[in-house]
Amino acid sequence: MRGVVGCGVYLTLMALLAAGLAAVLRSGVATLGFLVPFLLIVSFVIGDLSGTVADYLPDRAGQAVLHTGTDAGPGPWTGLAVTALWAATALAAGGWSVRRRDV
């Protein structure tokens, strides 16, 4: 049950992260051009080099709720909280950026 609920929350948080980043960059293409390599490549490269730092990137932290094993990284709900913090920061930066540009 935790995985089902956590998956929905995780995907929602990642969508909010992308929305905040899109507001900052003012382009959906630029957002995808940044997020796709960041989430698919950079996270794995950093994760292989340094396990502790990569555990607090938004994708790895949020995915902790989907796994049943206990890793050295954050727990399942702590991982979602880390992803929520990333999403809140992106949304706050996007809101600030839109207010600053559109005034």
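What follows is calculated from the coordinates using simple rules that are stated; it is not laboratory data. Being a predicted model, the structure only gives us computed values, none of them experimental. No Cβ is skipped: glycine too gets one built from the backbone with ideal geometry, and neighbour counts run over all protein chains shown.
Observations
- The angle between the Cα long axis of helix 28-37 and the longest principal axis of the Cα atoms of the chain comes to about 30 degrees, rounded to the nearest 10.
- Using distinct alpha-carbon pairs, which all enter the 1/r mean, Kirkwood radius of the chain in Å: 14.2
- Counted residue by residue at 0.36 nm each, then reduced by the alpha carbon distance between them, the extension gain from A30 to A15 reaches 3.9 nm.
- Selected from G75, P58, G33, residue furthest toward positive end of dipole (the chain; charges at beta carbon): G33
- A straight chain from R2 to D102 at 0.36 nm per residue would run longer than the Cα-Cα distance by 31.9 nm.
- If R0 is 41 Å, the Cβ-Cβ spacing of L40 and T78 corresponds to a FRET efficiency of close to 0.95.
- Label zone at H67, where the point sits 7 Å out along the Cα-to-Cβ direction: the range 1-40 residues whose backbone N lies under 11 Å: none
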